[in-house]
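Structure, as structure tokens:
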Amino acid sequence: MEPLIACKDVSLGYENREVANGINLEVYPGDYLCIVGENGSGKSTLVKGLIGLIRPLNGQIIVDPALKEESIGYLPQQTAAQKDFPATVSEVVISGCLKRRGFLPFYSKKEKQQAEKNMERLGIKDIGKKCYRELSGGQKQRVLLARALCATDKLLILDEPVTGLDPSAMAEMYQLIRKLNEEDHVAIIMVSHDIMNILSEAKTILHLKQQPLFYGSVSDYKKSEVSRCFLEVKK
Ligand code: ADP
């Protein structure tokens, strides 16, 4: 089986200033990888590389050809502009199909059906006509997750998906992501600060500090010196 996405000796940065290097990883269908590390350790930069926003300075990022065709499902960090997005829930969800369709002016029946299916999957079908900016934080994240699923349901890349949510919305979000991963075999790559919860959600951890300090299973991570130091600081 080929990985959905792989990094081989990748370094990334801006205008030739390297901010992360030595990255090797492989993500297969059904994987659940969490990227952790202090602020400024290169996590978001790696995500930008994975979704093709920036090119590696060195090394290779290899995307499965089938996935390339569909584009990767991406849930960005929440910004103030997104929070005020003046559109209905249905419009936000179906806009996830945009990238795939080039410049065709209308959504096809298939795309509309897919948007409906994803709204049902995430329990937001009843609020399709509501204005996005009037929703709670947890509902907004579910809408953006449904949107990301319109791009593909092979791989989702989520940048801090629970930041700013209250504990119950956070638990709901984790449960939805777990369901997509376990039942629908959607591979997940998630950047998160929420280390305590992540250790019971993810299967694999990449701990970055410009370079990978650890890459492996959650159970090995828990036993590692890297996690011990990190968890100590987080307490
Ligand atoms: P993290 O997501 O782990 O907090 P980032 O990937 O955002 O870390 O940042 C890693 C480094 O790259 C930081 O030193 C940051 O200042 C720098 N950086 C991030 N974005 C840019 C950018 N667009 N241009 C130049 N430098 C950037």
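Scanning the range 1-55 for residues that are more than 8 Å from the ligand (Cβ to nearest atom), acidic (D, E) and within 28 Å of Y174 (Cβ to Cβ), we see that the one that is least open to solvent (accessible area, probe 1.4 Å) is D31.
The rows are residues; the columns are (1) surrounded by fewer than 18 Cβ atoms within 10 Å (Cβ to Cβ); (2) free of Cβ contacts under 8 Å to residues at least 40 places away in the same chain.
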| site | (1), (2) |
| --- | --- |
| V162 | no, yes |
| P167 | yes, yes |
| L199 | yes, yes |
| A202 | no, no |
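The residues in the range 5-49 that are part of a strand (DSSP E or B), among the acidic types (D, E) and free of Cβ contacts under 8 Å to residues at least 24 places away in the same chain can be counted, and the count is 1. Being of a type in the set (S, T, Y) and in contact with a strand residue (DSSP E or B) (Cβ under 7 Å, 6 or more places away or on another chain) is a property that Y174 lacks.
When you look at A81, is it open to solvent by 70 Å² or more (accessible area, probe 1.4 Å) and modelled with pLDDT under 95, yes or no?
Yes; evaluated as a whole, the condition is true for this residue.
Say whether the condition of being out of contact with any Lys or Arg (no Cβ under 7 Å at 6 or more places or on another chain), among the acidic types (D, E) and on the phi < 0 side of the Ramachandran plot is met by at least one residue in the range 195-212.
So in the range 195-212, the residues out of contact with any Lys or Arg (no Cβ under 7 Å at 6 or more places or on another chain) come out as 196-198, 200, 202-207, 209-212.
Restricting the remaining residues to those that are among the acidic types (D, E) gives none.
Scanning the range 195-212 turns up no residue that is out of contact with any Lys or Arg (no Cβ under 7 Å at 6 or more places or on another chain), among the acidic types (D, E) and on the phi < 0 side of the Ramachandran plot.
State which residue is modelled with the lowest pLDDT when the search covers only the range 151-160 and only residues that are assigned to a loop (DSSP other than H, G, I, E, B) and not β-branched (V, I, T). So that I can check it myself, show each step before the final result.
Filtering the range 151-160 for residues assigned to a loop (DSSP other than H, G, I, E, B) gives 152-154, 160.
If we keep only those that are not β-branched (V, I, T) too, we end up with 153-154, 160.
Values: D153: 80, K154: 89, E160: 90.
Here the residue is D153.
Checking each residue in the range 124-159 for being free of Cβ contacts under 8 Å to residues at least 60 places away in the same chain and either of a type in the set (A, V, I, L, M, F, W, C) or more than 23 Å from D84 (Cβ to Cβ) (or both) picks out I124, K125, I127, C131, L135, V143, A146.
Scanning the range 56-75 for residues being part of a strand (DSSP E or B) and either open to solvent by less than 30 Å² (accessible area, probe 1.4 Å) or within 12 Å of the ligand (Cβ to nearest atom) (or both) gives a total of 3. Across the range 186-197, the qualifying residues are those that are in contact with an Asp or Glu (Cβ under 9 Å, 6 or more places away or on another chain) and open to solvent by 10 Å² or more (accessible area, probe 1.4 Å), and the one among them that is nearest to the ligand (Cβ to nearest atom) is H193.
Before we move on, is Q139 under 28 Å from E18 (Cα atoms), surrounded by 14 or more Cβ atoms within 10 Å (Cβ to Cβ) and among the polar types (S, T, N, Q)? Answer is no for this residue.
L145 fails exactly one of the following numbered conditions: (1) assigned to a helix (DSSP H, G or I); (2) open to solvent by 10 Å² or more (accessible area, probe 1.4 Å); (3) at pLDDT 90 or above. What is the number of that condition? Single failed check for L145: (2).
The values are calculated or read from the model by the stated rules, or taken from the named source; none is laboratory data. Since we're looking at a predicted model, the values are computed, not measured. Virtual Cβ from ideal backbone geometry, glycine too; neighbours counted across all protein chains shown. Note: areas computed on protein heavy atoms with side chains; ligands, DNA, RNA excluded. Shrake-Rupley method; radii C 1.70, N 1.55, O 1.52, S 1.80 Å.
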